[in-house]
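The values are calculated or read from the model by the stated rules, or taken from the named source; none is laboratory data. Small disclaimer: the values here were computed from a predicted structure and weren't measured. Note that each Cβ is placed from the backbone with ideal geometry, even for glycine, and that neighbours are counted across all protein chains shown.
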Amino acid sequence: MTALPTRTPARRTPARIRSAQTRAAWILVIPFLVIFAAFFIVPLVYSAYLSLYTSQLVGGEVFSGLANYIRALADPSFWGGLSRVALFLLVQVPIMLVASIFFALALDSGRVRGGKVVRLLIFVPYAVPSVVAALMWGYLYGTDFGLITQVLQAVGLPAPNLLSAHDVLGSTMNIVCWEFIGYNMIILYAALRSVPDDIYEAAEIDGAGQWRIAWSIKIPAIRQAIILTIIFSIIGSFQLFNEPNLLFNIAPNAIGTDFTPNLYAYNLAFRSQEINYAAAIAFLLGIVIMIVSFVVQTLTNRKERQA
């Protein structure tokens, strides 16, 4: 009885393997590309289209070219809001990042008791939606029934009006710091955990203390993570919207409709029905964000190469 010849499976050539991998990659990527185009690219292109037109009572939508952008560049409300977020950026971001770096270094040192619980407590405010955080702090700031006012009055101290036109920007800074210190701390703490312990042990053998190790080893080792948090903070500062929008309902006399560029564009589009002009404001704000982020990243990378 003769044995039947067995069929050996055909070997797949490297070219066929690469082709199959390419097809699988496209199958996995295409759903994301479709959603990205539908919810980001298409609205962005449509907004750019709207910004080039002007709505008129007679004639409807009329092509106006760069007229909306020229109007925005001469609009004191746009520049006023931009100057406020610039001040917000220069004051709030350094305070927030210094606090985040301090907490990350403290937790990484291993000398904080209950480090996991402390890390969770610092991060929890980021898990609170910004709408809830703004409303909560808005009522804490209240001059009539706010907790801060009641505590100060109970000890015989005058209560400041934290929702006045003079102090509301600082109050907004406090809310954003409370929300995002934990988020930035987690990014920096994760970067610190990736640094080899051998470096710290060698420094301790050489007689370096904890502060010296933190300043000369840990902070330079997480420079890229610090740059990342700076870029995120710059973008977030210029896009400030939720906090002033909600505080506007509590303190309308302190926060105007043009408090920030994002809030100004929102009110133009949905209250004044100037959609075309609002689109131009939004695009100008995006250009400012890109320029500032590019300049900061370029300067930091240049300093790193020179170091």
Of the conditions (1) in the same structural domain as Leu285 (by TED's automatic domain parsing); (2) closer than 16 Å to Ser272 by Cα, the single one that Arg84 does not satisfy is (2)
Inside the range 222-252, the number of residues satisfying the requirement of being more than 19 Å from the chain's Cα centre (by Cα), part of a helix (DSSP H, G or I) and surrounded by fewer than 16 Cβ atoms within 10 Å (Cβ to Cβ) is 1
Looking at the range 122-130, is at least one residue aromatic (Phe, Trp, Tyr) and closer than 30 Å to Leu268 by Cβ?
-> no
Within the range 253-270, restricting to residues that are crowded, with 19+ Cβ neighbours inside 10 Å and assigned to a loop (DSSP other than H, G, I, E, B), the one that is nearest to the chain's Cα centre (by Cα) is Thr260
Per the filter on the range 149-200, residues touching a Ser or Thr at 6+ places or on another chain (Cβ under 6 Å) and either free of Cβ contacts under 8 Å to residues at least 24 places away in the same chain or over 28 Å from Tyr126 (Cβ atoms) (or both) are Thr149, Ala159, Asn161, Leu162
Among residues of the range 201-219 being in contact (Cβ under 8 Å) with a residue 24 or more places away in the chain and of a type outside the set (D, E, K, R), the residue nearest to Ala133 (Cα to Cα) is Ile219
When (1) exposed (fewer than 12 other Cβ atoms within 10 Å of the Cβ); (2) under 21 Å from Phe283 (Cα atoms); (3) among the polar types (S, T, N, Q) are applied to Gln56, the one that fails is (2)
message: Scan the range 198-214 and tell me whether some residue there is over 18 Å from Val176 (Cβ atoms), part of a loop (DSSP other than H, G, I, E, B) and of a type in the set (Asp, Glu).
response: yes
Turns out the helices (runs of 4 or more DSSP H) fully within the range 29-148 with at least 2 residues that are within 26 Å of Ile250 (Cβ to Cβ) and free of Cβ contacts under 8 Å to residues at least 12 places away in the same chain are 76-108, 130-141
Of Gly114, Gly110, Gly156, Gly138, the only residue that is more than 20 Å from the chain's Cα centre (by Cα), assigned by TED's automatic domain parsing to the domain that holds Ser237, surrounded by 14 or more Cβ atoms within 10 Å (Cβ to Cβ) and not hydrophobic (A, V, I, L, M, F, W, C) is Gly138
Cβ pairs under 8 Å, 6+ apart or interchain, first in the range 250-279 and under 17 Å from Ala72 (Cβ atoms), second basic (Lys, Arg) and assigned to a helix (DSSP H, G or I), ordered by first then second residue, are Phe259/Arg84; Thr260/Arg84; Tyr277/Arg71
Note on the range 149-170: residues modelled with pLDDT of 85 or more, part of a loop (DSSP other than H, G, I, E, B) and of a type in the set (A, V, I, L, M) are Val155, Leu162, Leu163, Ala165
